[in-house]
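The values are calculated or read from the model by the stated rules, or taken from the named source; none is laboratory data. None of the values given here were measured: they were computed from a predicted structure. All Cβ positions, even for glycine, are placed from backbone atoms using ideal geometry, and neighbour counts span all protein chains on display. For the accessible areas, the whole protein counts, side chains as well, though only heavy atoms, and no ligand, DNA or RNA atoms are used. Shrake-Rupley method; radii C 1.70, N 1.55, O 1.52, S 1.80 Å.
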Amino acid sequence: MILKGINASDGVGLGRAVCVREESLDYSAVPYSGKETEKNRLREAVEEFNLRTSAMAGRIREQAGPKEAEILTGQITMLADPFMLSQMQEAIDGGSCAEAAADSVLGMYADMFAAVDDELMRQRATDVRDIRSRLLSILLGAAGIDLSNLPAGTILVAHDLTPSMTVGLNKENVSGIVTETGGRTSHSAILARALRLPAVLSIPKALELIQDGDGLIVDGGEGVVVLNPDARTRAEYLSKQEDYQNTVAALEVFRDKPTVDADGKYYHLYANIGSAAEAADAAKSGAEGIGLFRTEFLFMDRTSVPDETVQYEAYHAVSKIMAGKEVIIRTLDVGGDKAIEYLGMEKEDNPFLGHRAIRYCLDRPDLYKVQLRALLRAGAEEKNIKIMLPLVTCVEEVRAARELLEQCKKELAAANIPYDKDIKLGIMIETPAAALTADVLAKGCDFFSIGTNDLTQYIMAVDRGNAKVEKLYSHFQPAVLRAIRNVISAGKRVGIPVGMCGEAAADPCMIPLLMCWGLDEFSVSASSILSSRAQIYRWHEKDFCHLTDEAMGLSTASGVAGYLKASVDQ
Ligand code: PEP
Ligand code: MG
């Protein structure tokens, strides 16, 4: 059976399905087996919780650092509270099964913490809710899947891929990823590319169609999944896999080459990363800098706000790894498709147009200044960090952020803490408002980076993660191309560098257009560095400008894409 989805991360993977399903924590059918039995069940579940949590903490300590691990060890301490445990035992004495006792007592504590108007208490509420669901899943035997111990040849099938799923994943045993939601620029896709795993997203009802142990082929380039393939199909895809591996190997010659076009003009080729750990991979992949560090992943992959030290350590680590090279760090881009539960953000009817990214941060100076201070400090030694604001729509937002940055500088200076006095402040151009007023915005900031993932979404009024409207979501739409051209030329007129960190920067058909308009910096996922360099390498100015003139004369996205593909594939 052939299942069609969205081609999100190149490569071909063959293996067996491991399905990650939402666990049901419904205990209404669990009988009460008497005081002693229920108390024993509770005690054993708490012991199991402690074992699993300290194992998880150990893995996170290795991968992310001691601060992150402390959150989990803190949960063990919370659950060891004798008063809390005695309340659960009392509930059992009163006739509740272990599940009901744990649910009611932990639920009561979570509500109590959540009601206090204090950030720390709200974080504690999130922790208690997390303890409750993990303890219930142990009691109910909904064991969950240990993603750090997957068998070789696993194809992970999930509703969505989240940053916390990728922490601790034993990736060497994973051959591919299939999800039920997400588009090419969704965060699932970005994570899959960062892991360099073939991925097909948005297969409707994948978790109903695919069962654990089913044979699967994932063709991430074509967006196709083959369910229970026969021997002939397997052989066909094994040979396709080999071709793909040969193509990747052939690109190795570009690893240590400079990024120049056929006329010898230089471009900057940077990498997009989502964690400090990815910076080393980016450097190894031949990245000449970091064009986008998505700091929200640092916030998403935990149960409470990372404090200034945790943030400083992450940004400083990247700054050190990339010493001598630029590191553009984007401030918290929360909201929209990136929910962070513990921040307690209100549900909105229109989250993509709502209280998100720079809007949210400017309304939470307490939270935002922690990040700005961490960034200023992290850049003190190497002086290679640049700060980038997400989702800017008007000059006032840039001014307000600059004002907070200046306050942070003063505070650090007063406390004698070293920081980068000359840190640059730039913005993402990812809204129609920013693209149309790029000339005005350029005068108030130090650089632009075009975020085509959102820019396409907002210009075309099309949800970037909705497979039903995917047809309209193309950076080759004439409206999107004109916006990009306008932004680059506005930046150039004022003399600030213009980069692109949206996924379009790695599209071989888009690269010649961007070269023609004078883009200074291409920032792509680490897995696309060498192919992008190879593309840039092959073009002469007269050819890429001719191609651009022709493409801009066409009136439809499909016409532009078809014309460019035919020319680039020649
Ligand atoms: C973008 O919108 O193009 C971008 C790079 O940011 P994100 O994908 O994180 O929204
Ligand atoms: Mg964006």
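Couplings 3J(HN,Hα) for the range 328-334, derived from phi with the Karplus relation 6.51 cos²θ - 1.76 cosθ + 1.60 (θ = phi - 60°), are 9, 10, 8, 6, 2, 9, 8 Hz, where x marks Gly and Pro. Expressed as a whole percent, the proportion of Cα-Cα pairs in the range 193-310 lying more than 19 Å apart is 67%. Taking trypsin sites (Lys or Arg not before Pro) across the range 12-42, the ones in a DSSP loop with at most 16 further Cβ atoms lying within 10 angstrom of their Cβ are R21.
Every pair of different Cα atoms in the range 250-331 enters the Kirkwood calculation, which places the hydrodynamic radius at 13.8 Å. Each semi-axis of the equivalent ellipsoid for the range 335-424 is √(5λ) with λ an eigenvalue of the Cα gyration tensor; in descending order they amount to 27, 13, 12 Å. Rg of the Cα atoms in the range 479-555, relative to 2.2 N^0.38 Å, amounts to 1.06. For the chain, leaving out every one of the chymotrypsin sites (Phe, Trp or Tyr not before Pro) that falls in a DSSP loop and has at most 16 other Cβ atoms within 10 Å, the longest unbroken run is 33-570. Calculation over all alpha carbon pairs of the chain in 20 angstrom steps from 0 returns a P(r) of 19, 52, 25, 3, 0 percent.
Rounded to the nearest 10 degrees, the angle from helix 119-139 to the longest Cα principal axis of the chain is 70 degrees.
Rounded to the nearest 20 debye, the dipole size of the range 398-453 about its Cα centre is 120 debye, using +1 on the Cβ of Lys and Arg and -1 on the Cβ of Asp and Glu.
Where only protein heavy atoms count, and the probe is 1.4 Å, what is the accessible area per residue for the range 445-487 in Å²?
Value for the range 445-487: 38 Å² per residue.
Solvent-accessible area of the range 83-160 (1.4 angstrom probe, protein heavy atoms only): carbon and sulfur portion equals 53 percent. Local charge for A282 was computed over the other residues whose Cβ lies under 11 Å away, with Lys and Arg +1 and Asp and Glu -1, and equals -1. Find the centroid of the Cα atoms in the range 83-135 and in the range 325-368, then give the distance between the two in whole Å. Spelled out, the Cα-based centre of one part sits 29 Å from the other.
Under the combined filter of DSSP loop state and at most 15 neighbouring Cβ atoms within 10 Å, the range 324-353 retains these GluC sites (Glu not before Pro): E346, E348.
When the convex hull of the C-alpha atoms of the range 387-535 is computed, what volume per residue in Å³ does it have?
In the range 387-535, the Cα convex hull volume per residue is 128 Å³.
When the solvent-accessible area of the range 425-538 is split by element, carbon and sulfur atoms take up 55 percent of it, the probe being 1.4 Å.
Remark on the range 326-371: Rg and Dmax equal 11.2, 38 Å (Cα only).
Spatial offset of the range 522-570 relative to the range 154-201 amounts to 28 Å, using the alpha carbon center of each. Here the 3J(HN,Hα) profile of the range 518-524, calculated from phi with Karplus coefficients 6.51, -1.76 and 1.60 at θ = phi - 60°, is x, 4, 8, 9, 10, 10, 9 Hz, Gly and Pro shown as x. Counting other Cβ atoms within 10 Å of each Cβ, which GluC sites (Glu not before Pro) in the range 20-63 have at most 13 and sit in a DSSP loop? Filter output for the range 20-63: E22. If you fit an axis through the alpha-carbon atoms of helix 541-552 and take the longest principal axis of the Cα set of the chain, what angle between them do you get, 0 to 90°, nearest 10? So the inclination is approximately 70 degrees.
For the chain, the longest principal axis of the alpha carbon atoms and the long axis of helix 82-93 meet at an angle near 60°.
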